[in-house]
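Each remark here refers to the structure printed beneath this line.
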Amino acid sequence: MPIEEYVKDAPAKKGVRVLVEMKSIQSDMTGVGFFTLKKDAPESLLSEVKGGEKLEYELASEGIIELSEGRLSLSYEENAIEGSEGCSTVISFDVAAPECVTVERRGLLSSVFVISKGERLFSLYSTPYGALDMCIYAKKVENTLTEEGGALFLDYAVELKGLTAQRTRMEVKVRKLLQ
């Protein structure tokens, strides 16, 4: 059977087509260890090292935003970010608690983690070489995403166990595309 026959019966993606514009700045946090803390991290730990390396990323991609059973999900491909070709991201949250965001990356590098202001949460980061324990501590979550678009700002630190921690400030802007 020709490929066209398979594709024509493929289910259409649910949700609304959107443009996703993401800017991310990652800063080195050498010497900070979130795994070893006895309690949640004080905000003073979420400062980058002076003179430390900063990496900036920008991405523009088409995505899908969908509201289902009280949960809003935004999905998009990361093809423009070096090292993440073939990865997709799903950002989701309960609309009743928009300050608690789940980020799921799928592909060669994969993880599922929760970002919630003031909380230290644990997860796994999977790579082709094995899985690493991951600790996330969020300083700020500002979320105005709806089915119509909006913005999400995240300021959080990530430590992969045994490696240097880094602070990430990410801004995601979403707007509907003409259908």
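The values are calculated or read from the model by the stated rules, or taken from the named source; none is laboratory data. Remember, it's a predicted structure, so these values are computed and weren't measured experimentally. Please note: Cβ atoms are built from the backbone with ideal geometry, for glycine as well, and neighbour counts cover all protein chains shown. Keep in mind that these areas ignore ligands, DNA and RNA; they rest on the heavy atoms of the full protein, side chains included. Shrake-Rupley method; radii C 1.70, N 1.55, O 1.52, S 1.80 Å.
Quick one: if the Förster radius is 35 Å, what FRET efficiency do SER92 and THR164 give, using the C-beta to C-beta distance and rounding to 0.05? About 0.80, to the nearest 0.05. Take the Cα of ILE64, step 7 Å toward its Cβ, do the same at LEU108, and the gap between the two points is 2.4 nm. Just the protein heavy atoms count here, and of the accessible area of region 103-162 at 1.4 Å, carbon and sulfur take up 54 percent. Would you mind checking the pairs LYS23/LYS139; LYS140/LYS161; LYS140/LYS176; LYS54/LYS176; LYS54/LYS117; LYS23/LYS161 and listing those with alpha carbons more than 28 angstrom apart? Over 28 Å Cα-Cα: LYS54/LYS176. In the context of the full protein assembly, ARG120 retains an accessible surface of approximately 40 Å², using a probe radius of 1.4 Å and ignoring ligands and nucleic acids.
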